[in-house]
Every structure is written in C-alpha cells, then in structure tokens.
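FYI, it's all coordinate maths here, none of it is from the lab. What you see is a predicted model; the values in this text were computed from it and never measured. Here the Cβ positions follow ideal geometry from the backbone for every residue, glycine too, while neighbour counts run over all protein chains shown.
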Ligand SMILES: *Cc1c(COP(=O)(O)O)cnc(C)c1O
C-alpha cells in the first residue's frame, strides 16, 4: 500500500515514510493512494483484538513485515498495558444501545489505543529508513494526549519524549498523571502560560532552522506524535471491526446487518477511522458525529458551510473543544474522489477567511452517511445522571455528549438499527463533572480530585482504574516550570549539553 498527500497526488510515499513524516511536505495529510473499497466486504476479519489488529495493519503497512507488525501489536495491546483483556470491551447499555469502552489503557483515555502502538510503528519505520537518528517527540498538551504519549513512548529505545503542558491549564489529576511519569527517556515540563502559549512554543522549536540543524548534527531528529499522523489513525480502525464482531458473536446482530456508530468528535480522527472501516466493507448504517457547544462540525454537516469564526467555549468535554478539525481534510479528499485541487482550494479559504462551503454534490455524499448534532453542558450532565439512574451505566462527559446526540437522532429519524456509542474516557478521568451530575455538589465542597474519585467509587461501587487509584502514592518526579519564551533554549540545553 502506498500513500499520497491530500494536496498533491504526485508524490507517493511508503507507510514507513508516512509514519516518520506525519505531515506531507505540501502541508496536506497522507491517505492511502490505492483503492481500499470493500477489501474486507466478503470476508470480514475475525479473531480477538490482537488478531484483528495484525490483519488490518497488514493491509496498510505495505513495507512492514508480518513479524514487525505482530511485534508492534503484542507490545501495544497486552495484560500490562490494558486493564481489560478485551482491550476495548463492548458493554450493553440498553436494548438497542451499546458502549464501546476505549479507556482501559494505561492512562484511562482513548488516546492510549493509538499511542500505545505508534511508538513501535515509529521505531520500526526509523530502522527501515536506515538513518541512525534518535527521535525526539515534542508534544504540547492540554491534558489527555500528553500523558498518553508519555506512557506510549516511555523507555522505547531510540526515542526521547518531551511533553509541555500549561501549568494552570490542566486538571489536578492530569497534572499529577504527568508530573509523576516514570521512564528514563521522558521529560515533563510545565509552561507558565495557557495552552496556546505552550503550543506556540513547540511550533517555534519545530520551525527554528538553527535549532534543527544543531540537533541533526548531534544525531537527533524532532518529530511530533500528533493526531494527523496516519500511524495514529490506523490503530483506530481496528476497534470498529472488533465491536461489530462482538455484536455478531453475542447474537445481537446477524452477520452482514448494519449498525450505527456515535462518535464524540474533536479533531475528527476517531470518526474518520469509522469512515475507513466502512470503506473497507464494515456494514455501517449511519455515522453520527456528536459535538459539544463548539458545534462547528454539526453546523458543517447540516449546512455544508465550515465556519470557524465563532466564539470558543470551554466545555465539560474539553477534548472536544476544537474549532478546526484537522482530519476532516482526509474525509473531504475521499468524498471528492481524490480531487487534490479542490482540497487545496477549500483549505486556502479556511486559512484565509476561516470559512469554506461544500458544493451540492459533495454535501449530499456527506449527508448520506453522516448525521450530526450537538449537546451543551447542561444536557451532558443530565445525560450522565439519566443514564446512570436508568441503566446503572456511568458515562464521562465526552461519552455523554455522544449518548445525548444519539437520543436526538433517534427522536428525529425512524431508525431501528443497533447503535454503538464510542466511550472515550473513564468517568474517573473527569470525576468533578461526573459526581456533580449525580449528586448534590455542596456535599463535596473542598474535596480534592483524588478524594472525589474515592467518594464516587464508594457511592457507585464502580472501581477506580488502577493507574488513577495509584496516583496518590506516586512521587512527583518532574518539577520544572519555565516561561514559554524559554522553551527553545531549554530544549537545547537539555539535549546538547
Ligand atoms: C481526543 C478525544 C476525543 C476526540 O477525538 P477525535 O479523534 O479528536 O475526534 C473525544 N473524547 C476524548 C476523551 C478524547 O480524548
């Protein structure tokens, strides 16, 4: 399988190049250049999670050998990394609704699924390139991704990872998760500023020619592990096949029958993986794209106009607080039958005016498969409470947004298909909101997040994931706080002295 860029179909790249590069040189995103339509249609892949992953990866990682793929999969998805042997267990919430739990990994967030395997794909790709470089992963994080990347890359040979987070811009638990991070190759640095300052600092390092040259000379190469890397998207295709197989195995669905997936969406990676699963032949009826109050995507899917010129809200589902969903570019490329000039045009308009409009044909293709709406904070809290009381099932705010949007869909459309809600975080990752949804919050005044976790667990009987419960006893290993302007200098000192 070869790849090319959404903005230029002239340059082909192998899977290993694509994973090493992340972004295409022309600013576009890498996508499969070959026709993948219905590759699996007559013969849906079967087996446990690991077997599915090996099977699906093998279709896409053309220049990886089978043993290389098998190694990456078993290193990523095993008893040490995931608390649940199913990896992404499927829970039944009500007769017609299921929840695919993507948060049983080492940091209790769905980013783990991709970030547990990406480091192994990356180091294998680096070996193939023949360049003897030590890769330095630079990540600015507003919460979940940083910790997930740290756990994925810790002690992976040939890699160092530096994570920068805004000192006051992450939750207490997220901060504790990062500052207690173990591993010989990890650096965790708090930045005095907000997320934008932090991200700008990282971008300045990437764009600084002088620093990059010095680092190259010293044997280092900077790279990011961000969500536009194909190596993060591919692992997410697997759990759609897994969930479908579970429904068939358990007798809820006849093989060949279609289901809906409901995805709480931010950067459009998760739901794009569902789109690719469907292209490969997985029987999917509708893809329901759930947004929070930052509803740029639901407006887009309903009107065809993408308009990022709007107020930004800090919602209770922070991982979905996004106004530009980068991975959408890949979907538009697929819907426009790989028309890279069209994509360039839309992306230029987005950059220049913050706005573009789909033509009628592309819009109707989009709407044939996708359906979208949003849920605000109040609806999110109500849904957590309602779902817990009615079904004894506890949702985190992101998953609750998806559940609420599914309810809106079912109220409007006459649809009898089973629906699977993608559950993207443990409720204990957002204990403050979860507990507030269920109980009178005046009872918990003054309690720390760690105490709130224990209280919620006592009240619901649902255990706290091990990695979160253990935080209390962990030692703080990273104390450094720096000014955003000092980030380039600090990095050089660290690596070059
Ligand atoms: C990243 C994230 C999302 C959004 O996923 P995208 O792939 O960016 O659309 C939703 N929920 C949680 C908890 C996340 O961490």
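As a proxy for reagent exposure, ranking 371, 346 by other Cβ atoms within 10 Å from fewest up yields 346, 371.
Take peptides 110-120, 95-105 and line them up by average Cβ neighbours within 10 Å, highest first, as a rough protection proxy.
110-120, 95-105
Each of the peptides 384-390, 2-8, 263-269 was scored by the mean count of other Cβ atoms within 10 Å over its residues; in descending order, highest first, they stand as 263-269, 2-8, 384-390. Using the average count of surrounding beta-carbon atoms within 10 Å as a protection proxy, the listed peptides 410-419, 288-297, 243-252 rank, highest first, as 288-297, 243-252, 410-419. Computed from the C-alpha gyration tensor, the three semi-axes of the ellipsoid equivalent to the chain are 31, 29, 23 Å, from longest to shortest. Taking 0.36 nm per residue of sequence separation and removing the Cα-Cα distance, the residue 451/residue 345 pair yields an extension gain of 33.0 nm. Which of rounded, prolate, oblate describes the range 241-398, given a ≥ b ≥ c as roots of the alpha-carbon gyration tensor eigenvalues and a/c under 1.5 marking rounded, otherwise prolate only if a/b is larger than b/c? Oblate, since a/c reaches 1.5 and b/c is not below a/b. Relative contact order, whole percent, for the range 367-410 stands at 47, derived from Cα pairs under 8 Å and 6 or more residues apart.
Share of antiparallel DSSP beta bridges in the chain, in percent to the nearest 5? Once the DSSP bridges in the chain are tallied, antiparallel ones form about 30 percent.
With both labels modelled 7 Å from their Cα along Cα-to-Cβ, the residue 75 to residue 208 distance reads 3.0 nm. Out of every Cα-Cα pair that the range 33-133 contains, those further apart than 22 angstrom amount to 42 percent.
Remark: relative contact order (the chain) = 18 percent; criterion is Cα-Cα distance under 8 angstrom and separation of 6 or more residues. For the chain, the 222 nm mean residue ellipticity estimated from helices alone, with every DSSP H stretch of n ≥ 4 adding -39500 (n - 2.57) and the total spread over all residues, rounds to -13500 deg cm²/dmol.
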